[in-house]
Amino acid sequence: MNARAIPDAMTRPTRSTSILFCPFCRESFEVERECPEHELRLVPFEALPREEDAEAFPSHDERVAAFDFRFGRGWVVAGILLLVVGFASPLVTLADAAQSRTFSGFGAAITRAPNLWTIPFVAGMFAWTLARRRTPLEMIGARLAGVVFACAPLFSLAYTALKVRQGAVQLAARGGQSLEVHPEVGVAVLAFGAFALLIGSLRFGVLPMGDGRVGRRLRPG
């Protein structure tokens with residue numbers, strides 16, 4: 001027997017070997033069922049999209065348009081807008097026996113709750129990320145930081161609510177004066193904005209699957 005036949009037989013794929021391909025980078029894998037880099041389900045060779053597919057996706061290092069709403073960017077834009085609107089909207093109403101006063105997020109930040117400045121800071125940080133992270137590879141690299149920062153407005157709201165509640169209890173204990181605290185529409189708007197940023201961060205740089213077909217992706221290099 002030819003000595004070279006043994007290693008050839010060991011390396012030659014058998015019928016039982018399942019070779020699948022990433023529909024985005026078109027790399028082949030023998031064991032995995034999902035592309036470790038792009039988090040896409042691997043498909044057989046015959047299911048790869050055609051090179052001339054009209055709905056082409058950019059390569060891993062190709063910059064997309066600043067207002068491209070794919071790859072989770074649309075969720076991030078929606079979250080930024082909701083944070084801005086919520087910060088300018090009525091946030092909380094404080095009422096006692098004599099009067100009531102309503103604070104917007106901005107009004108509360110410049111008077112009694114400076115920690116609420118976290119909210120516009122997060123909105124600006126995500127806007128900067130959208131402007132700077134324009135390739136799929138750069139977007140994927142920012143996902144973890146995005147998830148962490150997306151939770152910041154919720155923590156800021158929770159901390160503010162706790163401090164306001166404690167202040168109302170202390171005021172009642174000192175002077176017997178009752179202070180009622182009523183959340184306003186801005187709380188809901190900010191919460192929706194934070195959740196939109198969280199979803200956008202989790203999907204940042206991830207390719208949309210649509211109806212199961214994925215557009216063309218050129219091989220790196």
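FYI, it's all coordinate maths here, none of it is from the lab. Nothing here was measured: the structure is a model prediction, and the numbers come from that model. All Cβ positions, glycine included, derive from the backbone under ideal geometry; neighbour counts span all protein chains shown.
Pop the C-beta distance of Val147 and Val85 into the FRET formula with R0 = 35 Å and round what comes out to the nearest 0.05. Please list the in-between numbers first.
Details: r = 22 Å, r/R0 = 0.64.
So, using R0 = 35 Å, E works out to roughly 0.95.
Rounded, prolate or oblate: which fits region 73-202 when a ≥ b ≥ c are the square roots of the eigenvalues of the alpha-carbon gyration tensor, with rounded for a/c under 1.5 and prolate only if a/b beats b/c?
Details: a/c = 3.35, a/b = 2.73, b/c = 1.23.
Judged from the Cα gyration tensor, region 73-202 comes out prolate (a/c at least 1.5, a/b above b/c).
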**Item:** Under 11 Å, Cβ to Cβ, from Phe204 - net charge with Lys/Arg +1 and Asp/Glu -1
**Value:** +4
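If each residue of separation counts as 0.36 nm, what is the full-extension length gain between Glu32 and Ala188 once their alpha-carbon separation is subtracted? Write down the numbers at each step before the final one.
Working: separation 156, 0.36 × 156 = 56.16 nm, distance 4.18 nm.
Here the segment from Glu32 to Ala188 would lengthen by 52.0 nm.
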**Item:** Efficiency of FRET from Cβ geometry, Ile110 and Phe69, R₀ 35 Å, rounded to 0.05
**Value:** 0.55
**Ranked Ser156, Ser104, criterion: other C-beta atoms within 10 Å, fewest first** = Ser104, Ser156
**Request:** Output ³J(HN,Hα) for region 106-115: one whole-Hz value per residue in order, computed from phi by the Karplus curve 6.51 cos²θ - 1.76 cosθ + 1.60 with θ = phi - 60°, and x for Gly and Pro.
**Result:** 5, x, 5, 5, 8, 10, 10, 9, x, 5
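Order these by the 10 Å Cβ neighbour count, fewest first: Ile119, Ile140.
On the way: Ile119 26, Ile140 19.
Ordered from fewest to most neighbouring Cβ atoms within 10 Å, Ile119, Ile140 come out as Ile140, Ile119.
About the Cα centre, and with charges only on the beta carbon of Lys, Arg (+1) and Asp, Glu (-1), how big is the dipole of region 73-202? Nearest 20 debye, please. Mind dumping the intermediate values first?
Numbers: 10 positive and 4 negative charges, 71 e Å.
Computed charge dipole of region 73-202: roughly 340 debye.
Excluding Thr111 itself, what net charge comes from residues whose Cβ is under 15 Å from its Cβ, given Lys and Arg +1 and Asp and Glu -1?
Details: positive: Arg101, Arg112, Lys163; negative: none.
Within the 15 Å Cβ shell, the charges total +3.
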**Request:** Could you tally the net charge around Glu32, taking each other residue with its Cβ under 12 Å from the Cβ of Glu32, Lys/Arg +1 and Asp/Glu -1?
**Result:** -3
**Fill in**
Proxy exposure order for Trp117, Trp128, Trp75 (fewest C-beta within 10 Å first) is Trp128, Trp117, Trp75
